[in-house]
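Asker: Take a look at the following structure, please.
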Amino acid sequence: MALIKKETVDQILAQADIVEVVGDFVSLKKKGQNMWAPCPFHNEKSPSFSVSPAKGIYKCFGCGKAGNAVQFIMDVEGTSYVEALKYLAKKYGIEIAEESTPEATKAQNDRDSQFILSNFAKDYYQEILFNHEQGKTIGLPYLHERGLGLPTIKIFELGYSLEAWDGFTSKALAQGYQPRYLESTGLTIVKDDKKYDRFRARVMFPIHNVSGRVIGFGARTLKSNDKTPKYLNSPESEIYHKSDVLYGLYQAKNAVRNQDVCYLVEGYLDVLSLSQGGIENVVASSGTSLTEGQIKLIGRYTKNITVLYDGDAAGVKASLRGIDLILEGGLNVNVVTFPPGDDPDSYIRKVGDVVFKEYINAQAQDFITFKTNLYLHEAKDNPVKKADAIREIVSSIAKIPDSIKRQVFLKQCSALFGIDEDVLIAEFNKIFHQNRQQQQKQATSATASRTFTDEELAEAEAYGQETETEPDPELDVIYHHEKEVIRLALTYPANPLSDQGVYMLPYLLEQLDDTTFHTPVFQEIIDFARQQLEQGQFPRSEDFINHPHSEVRTMAINLMSQKYELSENWESHQIFVPRETDQLQYAADTALLRLKRCNVQRMIKENMEQLKNLTDFNAIKDQLEILKTLKVYEDQFSEQLGTVVAR
């Protein structure tokens with residue numbers, strides 16, 4: 001992978017104004033020192049999304065999203081770190097010079113060549129649709145017959161492929177495109193010494209990634225006697241992975257985010273007809289089974305999915321696995337089915353957009369109600385089938401990661417089926433533990449067979465593996481006190497504590513010289529701050545906000561973000577409230593003493609546990625001396641904090 005030079009990254013970060021960047025997507029209003037708006041990442045009425053111009057960060061106090069200008073573009077556009085940097089570089093007119101190995105450069109050039117060729121193909125097919133005789137007499141009339149107007153055709157960049165063996169291929173070769181890219185993108189089929197077009201006499205549906213680049217095509221034949229498949233898609237390539245792509249998401253992502261729901265359909269024409277009817281927050285799985293990658297893609301923009309099924313009962317039953325995948329991904333899912341013989345495309349053309357919207361609002365069912373009605377209809381009065389239906393629905397509930405949601409759905413299932421909730425809970429527990437054991441086996445197998453990258457290994461070494469151990473209440477308390485010390489270090493590093501030239505960060509570091517933090521990210525922050533001081537400079541807030549480790553960035557932004565500010569009107573009304581900056585020495589000493597006392601109390605507990613296992617008299621005596629010393633420290637810290645330890 002090509003890397004952007006550090007000097008260029010620094011230039012981008014320096015020029016990217018957080019207010020300008022965020023202001024391109026949401027309307028900000030000034031309140032106090034910060035700018036505020038309704039959060040673009042979740043649905044809310046009262047603004048909880050804050051932008052700090054001074055610190056160059058944003059923070060939503062509702063959903064928790066936070067970061068700098070680069071992270072905002074990653075969150076709002078669903079792009080990678082490098083793509084976000086390129087977006088900002090383009091916005092601010094910064095030329096990007098990338099550095100990489102020859103192999104990485106070649107790989108990037110290959111990808112770029114495939115993107116360029118795909119875009120050329122899109123333009124070529126559009127040209128055929130609008131200006132070639134076949135496009136004007138076959139392609140356009142078909143699209144108009146399906147009710148699509150020119151604005152929709154142009155927004156989705158639809159096209160038409162000639163009824164010729166090598167119409168596109170010969171054109172691309174004549175324009176200097178290399179045969180290997182024609183083959184790798186799947187636009188051209190190479191067989192023996194022959195090269196011919198994959199798509200012939202078909203309406204072309206370009207498939208875009210979330211950034212709007214064409215990565216592949218879907219194509220529909222218009223020949224009634226054609227023996228080839230009605231729909232034909234580009235094959236998998238280096239730039240097109242169908243399991244990670246949703247048709248229409250590029251055009252729909254802003255509407256999905258703003259309306260906080262994504263309508264999921266099956267086909268290209270479903271997306272086009274609904275979008276044209278004003279339902280722009282719609283995407284399609286393009287006829288493939290829904291995948292985890294596609295669900296995660298939707299999850300970047302909303303946690304709510306409404307699946308629109310056609311009236312084919314067999315098709316609905318076959319698609320139920322997709323609902324379970326959505327639940328497993330932590331998203332909320334509703335279901336709408338259409339009358340027999342109709343799909344979203346045909347139904348909206350039949351009844352119009354107003355009635356269609358009323359229909360989906362009225363017919364939307366949560367997955368429990370939907371599956372219950374479906375299975376009860378099949379089971380009728382058959383008790384065995386009814387038991388199987390209950391078990392099937394409970395197995396879906398077991399896939400939901402949120403325990404509160406699971407409890408609510410179990411109660412609802414109990415009411416719908418008229419069965420005791422305790423019976424359902426017992427069945428749920430059995431299925432849940434079976435699923436968990438299966439997942440652990442799969443995870444162990446996957447880990448054993450997988451080779452980790454150097455970056456992943458370094459990250460694992462720095463932060464450790466996440467394990468499903470029981471939470472330690474004492475460590476939670478220590479975490480709280482460690483976090484308070486780090487907050488002071490990040491927020492007031494160069495603030496004086498007294499008239500004797502004592503500053504916050506050096507004071508904290510001196511007091512913490514023999515302290516190791518239990519939380520790795522806090523230790524990394526402190527180590528970085530110490531390195532900066534040793535180099536003769538106070539660390540700046542942007543040093544942490546733009547830190548290469550995402551954990552450090554996220555933690556720093558969360559700790560430096562303030563939800564509330566004192567109104568400037570208070571002083572004008574002679575209401576004086578002590579500010580933290582007026583009592584920093586007290587804040588620093590209190591935070592340090594609480595952390596030290598908490599660490600000593602944990603050491604006392606650990607030493608008492610060790611004492612239980614000792615049998616040698618001298619070892620017991622030594623351990624008691626250590627405990628005595630630790631108790632003295634505990635009393636000292638408690639006395640300084642003004643508290644008394646009960647005996």
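Asker: I'm told Leu488 meets every condition in (1) under 36 Å from the mean Cα position of the chain (by Cα); (2) surrounded by fewer than 13 Cβ atoms within 10 Å (Cβ to Cβ); (3) modelled with pLDDT of 85 or more except one. Can you identify the failing condition by its number?
Answerer: Going through (1) under 36 Å from the mean Cα position of the chain (by Cα); (2) surrounded by fewer than 13 Cβ atoms within 10 Å (Cβ to Cβ); (3) modelled with pLDDT of 85 or more one by one, Leu488 breaks only (2).
Asker: Starting from the range 91-106, take each residue that is part of a loop (DSSP other than H, G, I, E, B) and list its partners that are modelled with pLDDT of 75 or more and of a type in the set (Gly, Ala, Ser), counting only C-beta distances under 8 angstrom and pairs at least six apart or across chains.
Answerer: From residues that are part of a loop (DSSP other than H, G, I, E, B), the pairs are Tyr92/Ala16; Glu95/Ala89; Ile96/Ala89.
Asker: Answer yes or no as to whether Gln365 is closer than 25 Å to Gly299 by Cα and out of contact with any helix residue (DSSP H, G or I) (no Cβ under 8 Å at 6 or more places or on another chain).
Answerer: Here the answer is no, as Gln365 does not meet what is asked.
Asker: Taking the criterion of being of a type in the set (Phe, Trp, Tyr), closer than 21 Å to Val552 by Cα and outside any helix (DSSP H, G or I), would at least one residue in the range 20-34 satisfy it?
Answerer: No: zero hits.
Asker: Now a separate question. What about Ile138, is it without any contact (Cβ under 8 Å) to a residue 40 or more places away in the chain and surrounded by 12 or more Cβ atoms within 10 Å (Cβ to Cβ)?
Answerer: When the stated conditions are applied, Ile138 does not pass them.
Asker: Would you pick out the residues in the range 603-618 that are assigned to a helix (DSSP H, G or I), of a type outside the set (Phe, Trp, Tyr) and over 54 Å from the mean Cα position of the chain (by Cα)?
Answerer: Across the range 603-618, the qualifying residue is only Asn618.
Asker: Is it the case that some residue within the range 428-436 is closer than 30 Å to Ala284 by Cβ and either surrounded by 15 or more Cβ atoms within 10 Å (Cβ to Cβ) or touching a residue at least 60 places away in the same chain (Cβ under 8 Å) (or both)?
Answerer: no
Asker: Pick from the range 67-106 the residues that are among the β-branched types (Val, Ile, Thr) and buried (at least 20 other Cβ atoms within 10 Å of the Cβ): which of them is modelled with the lowest pLDDT?
Answerer: In this case the residue turns out to be Val76.
Asker: Go through the range 590-625 and report how many residues are among the hydrophobic types (A, V, I, L, M, F, W, C) and within 21 Å of Asp513 (Cα to Cα).
Answerer: 8
Asker: Further question: Among the residues of the range 260-298, write down those that are without any contact (Cβ under 8 Å) to a residue 60 or more places away in the chain and of a type in the set (S, T, N, Q).
Answerer: Residues satisfying the conditions are Asn281, Ser285, Thr288, Ser289, Thr291, Gln294.
Asker: Using the structure shown, decide if Glu625 is farther than 24 Å from Gln640 by Cα and in the same structural domain as Gln636 (by TED's automatic domain parsing).
Answerer: No.
Asker: In the range 210-234, which residues are in a strand (DSSP E or B), of a type in the set (A, V, I, L, M) and under 30 Å from the mean Cα position of the chain (by Cα)?
Answerer: Val214, Ile215
Asker: Taking the range 1-10 as the region of interest, how many residues are in a helix (DSSP H, G or I) and surrounded by fewer than 18 Cβ atoms within 10 Å (Cβ to Cβ)?
Answerer: 3
Asker: Next up: Filter the range 147-166 down to the residues that are of a type in the set (D, E, K, R) and in a loop (DSSP other than H, G, I, E, B) and list them by number.
Answerer: Result: Glu157, Glu163, Asp166.
Asker: Here's a follow-up. Name every residue in the range 393-418 that is modelled with pLDDT of 85 or more and over 16 Å from Asp366 (Cβ atoms), in order of residue number.
Answerer: Once the filter is applied, which keeps residues that are modelled with pLDDT of 85 or more and over 16 Å from Asp366 (Cβ atoms), the range 393-418 yields Ser395, Ala398.
Asker: Can you tell which of Gly212, Gly287, Gly299, Gly293 is touching a strand residue (DSSP E or B) at 6+ places or on another chain (Cβ under 8 Å), modelled with pLDDT under 90 and either surrounded by fewer than 21 Cβ atoms within 10 Å (Cβ to Cβ) or of a type in the set (Ser, Thr, Tyr) (or both)?
Answerer: Gly287
Asker: Continuing with the same structure: What about Asn209, is it free of Cβ contacts under 8 Å to residues at least 12 places away in the same chain, closer than 24 Å to Leu143 by Cβ and not hydroxyl-bearing (Ser, Thr, Tyr)? Quick ask: steps written out before the conclusion?
Answerer: On the way: free of Cβ contacts under 8 Å to residues at least 12 places away in the same chain: no; closer than 24 Å to Leu143 by Cβ: yes; not hydroxyl-bearing (Ser, Thr, Tyr): yes.
So Asn209 does not fit the description; no.
Asker: Quick one: which helices (runs of 4 or more DSSP H) lie wholly within the range 324-379 and hold at least 3 residues that are in the same structural domain as Arg391 (by TED's automatic domain parsing) and surrounded by 19 or more Cβ atoms within 10 Å (Cβ to Cβ)? Working first, answer last.
Answerer: Working: elements: 344-351, 353-363, 367-379.
Ranges flagged: 344-351, 367-379.
Asker: Could I ask something else about it? Test Ser224 against the criterion of being surrounded by 18 or more Cβ atoms within 10 Å (Cβ to Cβ), free of Cβ contacts under 8 Å to residues at least 60 places away in the same chain and either out of contact with any helix residue (DSSP H, G or I) (no Cβ under 6 Å at 6 or more places or on another chain) or within 25 Å of Val76 (Cα to Cα) (or both), and give yes or no.
Answerer: no
Asker: Are there any pairs, at least 6 apart or on different chains, whose C-beta atoms fall under 9 Å, with the first in the range 382-411 and among the β-branched types (Val, Ile, Thr) and the second not in a helix (DSSP H, G or I), and if so, which?
Answerer: Final answer for the pair search is Ile390/Ile419; Ile400/Gly330.
Asker: Exactly one of (1) within 26 Å of Pro506 (Cα to Cα); (2) touching a residue at least 40 places away in the same chain (Cβ under 8 Å); (3) charged (D, E, K, R) is unmet by Lys605. Its number?
Answerer: (1)
Asker: While we're looking at this one, here's another question. I need the full set of residues from the range 24-66 which are among the basic types (Lys, Arg) and crowded, with 21+ Cβ neighbours inside 10 Å, in order please. Walk me through how you get there before you give the answer.
Answerer: Step one: list which residues in the range 24-66 are among the basic types (Lys, Arg), which gives 29-31, 45, 55, 59, 65.
Hits for the range 24-66 are Lys55, Lys59.
Asker: Separate question: For the range 153-170, give me each residue that is crowded, with 18+ Cβ neighbours inside 10 Å and either polar (S, T, N, Q) or more than 19 Å from Ser224 (Cα to Cα) (or both).
Answerer: Kept after step one, since they are crowded, with 18+ Cβ neighbours inside 10 Å, are these residues of the range 153-170: 153, 156-162, 167-169.
Hits for the range 153-170 are Ile153, Phe156, Glu157, Leu158, Gly159, Ser161, Gly167, Phe168, Thr169.
Asker: Additional query: State the number of residues belonging to the range 182-199 that are over 31 Å from the mean Cα position of the chain (by Cα) and surrounded by fewer than 20 Cβ atoms within 10 Å (Cβ to Cβ).
Answerer: Taking the range 182-199 and keeping what is over 31 Å from the mean Cα position of the chain (by Cα), we get 182-183, 187-199.
Subset that is surrounded by fewer than 20 Cβ atoms within 10 Å (Cβ to Cβ): 183, 189-196.
Residues in the range 182-199 being over 31 Å from the mean Cα position of the chain (by Cα) and surrounded by fewer than 20 Cβ atoms within 10 Å (Cβ to Cβ): 9 in total.
The values are calculated or read from the model by the stated rules, or taken from the named source; none is laboratory data. Just so it is clear, the model here is predicted, and its values are computed rather than measured. Every residue, glycine among them, receives a Cβ derived from its backbone with ideal geometry; neighbour counts consider all protein chains shown.
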